[in-house]
Amino acid sequence: MMLTLIDLVGLLPLLIVASTAVLVMLGVAWRRHHGGTAAVTVSGLALALASLPLASAAPSSPPLMIFDGLALMGSALVLVSGLFIAAMSHGYLAGYRGPREEFYLLLLCAVTGALGLVASNHLASLFISLELLSMPLYGMVAYSFRTERSLEAGIKYLILSAAATAFLLFGMALIYARTGHLELTALAAGVAGSPDPWILGGAALLLVGLGFKLSIIPFHQWTPDVYQGGLAPATTVLATVSKLAVFLVLLRLVLVAPVFGSGWLLGLISLLALLSMFGGNLLALFQPDLKRLLGYSSIAHMGYLLVAVIVGGPLALETTGVYLFTYIVATMGAFGVIMHVSGTGSGEDASGLHHYRGLFWHSPWLAALLTLSMLSLAGIPLTAGFFGKFYIIALGVEGSRWWLVGGIVIGSVIGLFYYLRVIVTLYLREPGMQQAVADAGRGRVEKLALLIVAVSILLLGIYPVPFIDWVAGLAWAARLL
């Protein structure tokens, strides 16, 4: 299968990020320079983001890929998340005692895998991209391997991820054995009509493998430990780049393959969505660690997003884009504050809630950003998260999924308690409980990244029309329906 020049234009964002990874690797081999490596990484990701309009204008998609509206939206979200993480990692890793440049190499490899994943139109490219996304994460989570908690988190994620990959491969094998196809569009034709029980089993195994990556209950056991033990930038990649790419793949499968639209499988996904909504929120209620709390919160948010998978239809694409972006920008804000507050010399993050007690009194701008992030995750009006919740509830109402709508409302009410608990902690004032924020190595780039996140949360909450129009246009352009 030959690649033409037009195919390479369609793959331009992925090729730029992959080339940047090679350039960083060669630079590390020649001479280590933390600032230079971070600059090359940010420049490569920014160039890939700027090349998206050119790639979307390509008249045809490359082999095994499809660069439609859904892929363009996913690629933009992946690259924006990667840019933020790369910018924040420079200040975070400034005091790290050990090699720092390899972290950017792992980040670029993970972003490359995510870009391939959101555009995959073939089970082979799906699997390769998913592994290219996952394998760097093993190293990123265990990057501070001299600390017991980080090494434990990396090993847990590696073992459980390998088990999930086995389920995924077995599901692909069952589907291929019954249809003889690996391409998603051909797969749709191969399973038209009454689904074969073996194909249903294969689809269920695919759901297990992808459910692990999304940390949907009951495949969530790794989430709190890995979130707590991994370095904050690695955890941010897990919470943003990894989850959005995997979710978009799941949505594409449901929209393309009729087997995922069977009543039995949709009923199973509905049950998992309800379990995730309630379980994630209830488990987060009294967590004393902010990163663990955000881990459980992400479980609940993935449960909310599964409503888009269950209902389907044109509005599901628009809802997914709006909700994913509002979730990602709030999550980046929360983890950005953690990265800014944490001291990195020991490889341990300041993730306990006691680290943030009275934060407002010595760093009001960080407290304001974390407050905005928590309010957005809770779906409070005048923040970006409100429109995400509004869209997902409207989609559930349109599809007459009343149990799911009730689950979203009740889960959001439960979640409001622990989000407000974090906010209240920021404004408490007791002698001897305040901790100075470590600003060593924190430059203008890191502060600018946090400012952009804060403005985005407010702007999308007050005037979201341009962004919603952009997402709606991409949903309309997606050649899936």
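Looking at the range 202-221 only, could you name the residues that are part of a helix (DSSP H, G or I) and touching a residue at least 60 places away in the same chain (Cβ under 8 Å)?
Matches in the range 202-221: Ala203, Ala204, Leu207, Gly211, Lys213, Leu214.
Within the range 60-68, does at least one residue satisfy the condition of being of a type in the set (S, T, N, Q), open to solvent by 10 Å² or more (accessible area, probe 1.4 Å) and at pLDDT 90 or above?
The initial filter retains those residues of the range 60-68 that are of a type in the set (S, T, N, Q), namely 60-61.
Subsequent filtering for residues that are open to solvent by 10 Å² or more (accessible area, probe 1.4 Å) retains 60-61.
Next, from what is left, pick out any that are at pLDDT 90 or above: none.
No, every residue in the range 60-68 fails to be of a type in the set (S, T, N, Q), open to solvent by 10 Å² or more (accessible area, probe 1.4 Å) and at pLDDT 90 or above.
I'm told Ser81 meets every condition in (1) farther than 17 Å from Thr20 by Cβ; (2) in contact with a Ser or Thr (Cβ under 6 Å, 6 or more places away or on another chain); (3) part of a helix (DSSP H, G or I) except one. Can you identify the failing condition by its number?
Answer for Ser81: the failing condition is (1).
Check whether at least one residue in the range 29-41 is at pLDDT 80 or above and open to solvent by less than 10 Å² (accessible area, probe 1.4 Å), and report yes or no.
Yes: the range 29-41 contains one or more residues that are at pLDDT 80 or above and open to solvent by less than 10 Å² (accessible area, probe 1.4 Å).
Over 22 Å from Ala330 (Cα atoms), in contact with a Gly (Cβ under 7 Å, 6 or more places away or on another chain), modelled with pLDDT of 85 or more and open to solvent by 40 Å² or more (accessible area, probe 1.4 Å): does that describe Leu274?
Considered against the rule, which asks whether it is over 22 Å from Ala330 (Cα atoms), in contact with a Gly (Cβ under 7 Å, 6 or more places away or on another chain), modelled with pLDDT of 85 or more and open to solvent by 40 Å² or more (accessible area, probe 1.4 Å), Leu274 comes out as yes.
Hey, can you tell me all the residues within the range 350-376 that are part of a helix (DSSP H, G or I) and within 25 Å of Ser150 (Cβ to Cβ)?
Leu353, His354, His355, Tyr356, Leu359, Leu366, Leu370, Ser373
Do you know which residues across the range 82-112 are crowded, with 23+ Cβ neighbours inside 10 Å and closer than 24 Å to Ile128 by Cβ?
Gly82, Ile85, Ala86, Phe103, Tyr104, Leu107, Leu108, Ala110, Val111, Thr112
Would you check if Met88 is at pLDDT below 85 and more than 19 Å from Val322 (Cα to Cα)?
No: the conditions fail for Met88.
Only helices (runs of 4 or more DSSP H) wholly contained in the range 239-345 count here; list those with 1 or more residues that are within 20 Å of the chain's Cα centre (by Cα) and among the charged types (D, E, K, R).
On the way: elements: 243-256, 263-284, 290-311, 314-341.
Of the helices (runs of 4 or more DSSP H) lying wholly inside the range 239-345, those with at least 1 residues that are within 20 Å of the chain's Cα centre (by Cα) and among the charged types (D, E, K, R) span 243-256, 290-311, 314-341.
Looking at this structure, is Leu377 at pLDDT 90 or above and touching a Gly at 6+ places or on another chain (Cβ under 6 Å)?
Criteria met by Leu377.
Give the range 387-408 a look and list any residue that's open to solvent by 70 Å² or more (accessible area, probe 1.4 Å) and within 30 Å of Pro288 (Cα to Cα), or say none.
Within the range 387-408, Phe390 is the sole residue that qualifies.
The values are calculated or read from the model by the stated rules, or taken from the named source; none is laboratory data. Being a predicted model, the structure only gives us computed values, none of them experimental. Methodologically, a virtual Cβ is constructed for each residue, glycine included, from the backbone with ideal geometry; neighbour enumeration extends over all protein chains shown. What goes into the accessible areas is simple: the full protein's heavy atoms, side chains included, and nothing from ligands, DNA or RNA. Shrake-Rupley method; radii C 1.70, N 1.55, O 1.52, S 1.80 Å.
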